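First up is the structure itself, then whatever we jot down about it.
The values are calculated or read from the model by the stated rules, or taken from the named source; none is laboratory data. The model shown is predicted, which means the values in this text are computed figures rather than measured ones. When we count neighbours, we look across all protein chains shown, and the Cβ atoms used for this are built from the backbone with ideal geometry, even at glycine. The protein model used for the area step is the full one, side chains on, heavy atoms only, and it has no ligands, DNA or RNA in it. Shrake-Rupley method; radii C 1.70, N 1.55, O 1.52, S 1.80 Å.
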Amino acid sequence: KRLLTTLQAPVGIINELFVPHDRGQIVTHLEGSNVVHVWSLGDAIGHVGTLDRLTTSIIDVKFTADDSLAYVRCEDSDELGVMDMATGQLVDLLTHESPVESYSISASGEYALVSLKSARGGAYNKIWHTAGRKILHEFGNCIAYSVPLVNEDCMIAVLQEEPAFKAPYKIMQFKLCDGSYEEMTYDTMVDY
């Protein structure tokens, strides 16, 4: 084995590295930076530059099941950036009325469930149809903790019905298809 090339990153500590399963790229993120670097191994190990910038330090990056899109959350920001992994370009920026607390994305990347730190009118959670660039549903007055299913566009959310100490949690399932959603709430509440 021999070294083919060396990647020279900007000054800083790389605190996150992702290697997609089926494409010749490496994604890196420097500690405290608001820039994601996409390295294209097939193009002579060159850096794919981008003119688009996020506003604050990146704290979370999630990828679609096929690694074609990356969703990027920044520290104390109302933005959720969407990057095309083939080009390294920021293709969309989902903005909200308050900072994003947590989020999950569907397997295809066409849908996102975003929970906000605070909101007007009590709607803390939004389901985005990112392909259609619209919000399908707003719900809850507490932050939802959500996870996507791996192989289909479906998400499970757990949230309190009211923001009170020891209030029980309800479990909801959202099936997403053709720019719409189907909601199912489980009858059983969870105490903790």
**Complete:** Scanning the range 72-100 for residues that are assigned to a strand (DSSP E or B) and closer than 14 Å to ASN125 by Cβ, the one nearest to the chain's Cα centre (by Cα) turns out to be LEU80
**Asked** Hey, among the residues in the range 18-41 that are in contact (Cβ under 8 Å) with a residue 40 or more places away in the chain and of a type in the set (A, V, I, L, M, F, W, C), which one's most open to solvent (accessible area, probe 1.4 Å)?
**Response** PHE18
**Prompt:** Which of the residues spanning the range 1-24 are at pLDDT 65 or above and either out of contact with any Leu (no Cβ under 8 Å at 6 or more places or on another chain) or under 17 Å from VAL82 (Cα atoms) (or both)?
**Reply:** GLU16, LEU17, PHE18, VAL19, PRO20, HIS21, ASP22, ARG23
**Item:** Qualifying positions in the range 68-85 - closer than 23 Å to VAL19 by Cβ and either of a type in the set (Ser, Thr, Tyr) or open to solvent by 60 Å² or more (accessible area, probe 1.4 Å) (or both)
**Value:** SER68, TYR71
**Prompt:** When you scan the range 42-67, how many residues do you find that are open to solvent by 60 Å² or more (accessible area, probe 1.4 Å), under 19 Å from VAL100 (Cα atoms), modelled with pLDDT of 90 or more and not hydrophobic (A, V, I, L, M, F, W, C)?
**Reply:** 1
**Asked** Out of curiosity, is ALA119 of a type outside the set (Asp, Glu), modelled with pLDDT under 90 and out of contact with any Phe, Trp or Tyr (no Cβ under 6 Å at 6 or more places or on another chain)?
**Response** yes
